[in-house]
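A short worksheet on the structure shown next.
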Amino acid sequence: MLTFKNFNIADWFSFYRILAVPLLISLIILDERLIFTWFLLISYLTDTIDGYLARKLNITSARGSQLDSFGDQLTLIMGLIGLFYFETAFIKSNIITITIVLAPYFIQMLIAYYKYGKATAFHTYLAKTSAVLQSIFVILALFFSPNYTLFYMMIAFGLLETIEEIILIFIYDDWVSDVKGLYWALRDKRRLHKKTSK
């Protein structure tokens, strides 16, 4: 049975992102764009902090990795909702491009839940780069206005990252966390052991 003592400091930063969702939704309803953006920025920063702490304090775990990914997904959704609400004209004018990226992302989620029963937590370099670009774009768009150079960079890396995630799902028979990327996956002992044990 899990208790509060089972969670470490990195986990609690992940919990913050999850618990911040009702607050972010309330700020959207209240049309508080600036306050929403500041709290969204805090959520993005906690994603950087929890990963750093987990590695620095050597407290990484499969549970923490999954919790981190869940918090990331909720923050991503809240950023998109906020962008849709506060920058509706921009979203509508780029809806086709956005759909091209989001459709594979949701397909990847469905494949992961079908195969593993939960979301992936590969945390690849592409995923981290994509998350950084996405957070920078959303925050700058909400503080100022959407930047198309950042937008297309975010789209490109987001699509590449999703394709890599789908390939990794098919490569790994069992759920694993913290895979740097496809290159490292092909040399991963966890995958190789599975193959050779058959």
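Bear in mind that the values in this text are calculations on the coordinates, not laboratory data. Just so you know, these numbers come straight off a predicted model, no measurement behind them. Cβ atoms come from the backbone with ideal geometry, glycine included; neighbour counts cover every protein chain shown.
Label ILE136 and THR97 with points 7 Å out from Cα along Cα→Cβ: what is the distance between them in nm?
According to this spin-label approximation, the distance is 1.7 nm.
Order 84-96, 177-189, 34-46, 68-80 from most to least packed using the mean count of other Cβ atoms within 10 Å.
68-80, 34-46, 177-189, 84-96
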